[in-house]
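What follows is one structure encoded as structure tokens, with my remarks underneath.
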Amino acid sequence: MGIMDRVEYHHSVNSLGAAEWNALGAIDNPFTRYEFLAALESSGCVGRGTGWEPRYLTLRDARGLAAAVAAFVKTHSFGEFVFDFAWARGYERLGRRYYPKLTLAAPFTPATGPRLLMRADLDREALAARLLAELERYAASHALSGVHALFLEEAARAACARRGWLLRRDCQFHWSNRGYTSFEEYLATFTAEKRKKARRERRRVAEAGVHFETRRGGELDEALLDRIYALHRDTFVRHGHEPYLARAFFSEVARTMPESLMVKLALRGRMVVAAAVFFTGGDTLYGRYWGAAADYHSLHFEACYHQGIEFCIAQGIGRFEPGTQGEHKVSRGFEPAITWSAHYIADEDFRAAIGEYLEREGAAVDAYALEVQGHVPYRDRRSLGRLA
């Protein structure tokens with residue numbers, strides 16, 4: 001690998017170049033792309049006063065940018081989807097500060113992706129160790145309680161484990177494309193009861209006079225984005241809080257990464273009555289947000305799940321990650337998948353206590369995922385993939 005000539009922390013991704021950042025392997029995942037991160041900044045979703053203050057770590061050598069990490073100094077734990085509020089309360093009860101902390105993540109995005117970005121010609125294992133050691137040093141020198149790397153792909157998870165970081169697992173529900181040529185062929189793999197239920201859901205939506213159109217980012221004008229955002233915001237407000245993402249964010253990603261943004265519009269006649277927002281990247285479709293103007297029977301399942309699966313089959317996309325939680329996804333063909341995070345806790349006593357807790361939690365997560373796998377709708381469960 002050689003010695004890195006320069007270690008830097010940046011308060012904005014705009015101080016870096018899009019081409020050099022994306023060249024580190026960020027381009028394959030929509031949420032690690034320069035354009036996604038820049039849109040979060042320009043729309044005010046992250047930055048000063050948001051609790052998400054960028055600290056982009058970069059390492060450079062004679063050839064230029066060698067490695068980078070999208071890290072954020074956090075003063076709360078909202079928008080992470082790896083829940084450590086109980087850890088923070090434990091710190092507070094003993095009169096210690098849990099915040100600020102350092103978080104490696106795609107903000108507001110519970111999707112596995114690369115967290116340690118590196119140039120392809122370098123020794124990845126050695127460079128990963130260097131990045132993690134530098135993050136530990138930064139936490140110590142800035143009085144941060146620890147470093148938290150969320151939704152890790154396998155290589156980063158292994159690197160964190162080698163450094164002795166605590167590993168945490170959770171369970172999501174993902175869909176795998178097993179070479180289906182049509183939605184009906186896919187449904188043919190269901191048991192009769194589950195197949196009948198899925199068809200009934202789709203029929204109810206059609207009988208309500210709702211049909212769907214697919215729009216990529218470049219096909220979304222500002223008026224349509226206004227409508228999509230209003231529907232999306234209403235879903236959040238009905239759950240008691242404002243959405244994480246600002247309206248301007250959607251205009252920016254539609255402009256800068258139009259091929260990655262996809263929206264399923266539900267229409268009655270010419271009126272948009274619901275919308276589901278997706279991103280695509282590599283061989284994966286990511287479901288992100290949705291909203292509806294009225295309570296149509298089964299519309300949520302159709303817009304967010306059936307339409308996404310049908311899109312994957314038509315486009316030959318291998319994987320569909322619809323987001324967090326939701327056992328209701330299982331009966332529609334989604335299977336339990338383990339997701340990973342890693343945690344460097346600076347305080348040794350808390351590190352030991354959290355480590356013991358994670359052992360118990362991990363066993364419970366594994367048992368839950370195994371139990372849920374027994375309820376997938378497929379006739380032949382023997383041919384299904386094993387839990388990640």
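The values are calculated or read from the model by the stated rules, or taken from the named source; none is laboratory data. Remember, it's a predicted structure, so these values are computed and weren't measured experimentally. Counting neighbours? That spans all protein chains shown, and the Cβs are built from the backbone with ideal geometry, glycine included. Surface accessibility is based on the protein's heavy atoms, side chains included, excluding ligands, DNA and RNA. Shrake-Rupley method; radii C 1.70, N 1.55, O 1.52, S 1.80 Å.
Extension gain, residue 327 to residue 203, is 42.4 nm, computed as 0.36 nm per intervening residue step minus the present C-alpha separation. With all protein chains in place and a 1.4 Å probe, the accessible surface of region 176-299 carries 50 percent carbon and sulfur. Taking the Cα centre of the chain as origin and assigning +1 to Lys and Arg Cβ atoms and -1 to Asp and Glu Cβ atoms, the resulting dipole is close to 780 debye. In whole percent, how big is the carbon plus sulfur part of the accessible area of region 64-170, probe 1.4 Å, protein atoms only? Of the solvent-accessible surface of region 64-170, carbon and sulfur hold 56 percent.
With an 8 Å Cα cut-off and a minimum separation of 6 or more residues, compute the relative contact order for region 1-120 in percent. About 29 percent, as a whole number.
Distances between every pair of Cα atoms in region 229-388, grouped in 10 Å steps from 0 to the bin holding the largest one, split as 8, 29, 31, 22, 8, 1, 0 percent.
Relative to the longest principal axis of the Cα atoms of the chain, the long axis of helix 348-373 lies at roughly 20 degrees.
Take every DSSP beta bridge whose two residues both sit in the chain; close to 90 percent of them are antiparallel. With a 1.4 Å probe and every protein chain kept in, tell me what percent of the accessible surface of region 336-384 is carbon plus sulfur. After summing per-atom areas, the C and S share lands at 51 percent.
At q = 0.06, 0.09 Å⁻¹ the log10 of I(q)/I(0) for the chain amounts to -0.25, -0.56, computed by Debye summation with a single uniform scatterer per C-alpha, solvent ignored.
Measuring nothing but alpha carbons in region 282-331 and taking Rh as the Kirkwood radius, the Rg to Rh ratio lands at 0.98. Roughly what angle does helix 124-141 make with the longest principal axis of the chain, taking Cα atoms, 0 to 90 degrees, to the nearest 10? For helix 124-141, the angle is close to 70 degrees. Quick check: Cα centre of region 339-376 to Cα centre of region 19-71, how many Å? Each part reduced to its Cα centre gives a spacing of 28 Å. When ligands, DNA and RNA are left out and all protein chains stay put, how many square angstrom of accessible area per residue does region 129-271 have with a 1.4 Å probe? Per-residue accessible area for region 129-271 comes out at 48 Å².
Exceeding 18 Å between C-alpha atoms, which entries from my cross-link table qualify? They are 196/264; 196/329; 197/264. Result: 196/264; 197/264 exceed 18 Å. Accessible area per residue for region 293-388 is 48 Å², calculated with a 1.4 Å probe on protein heavy atoms, without ligands, DNA or RNA.
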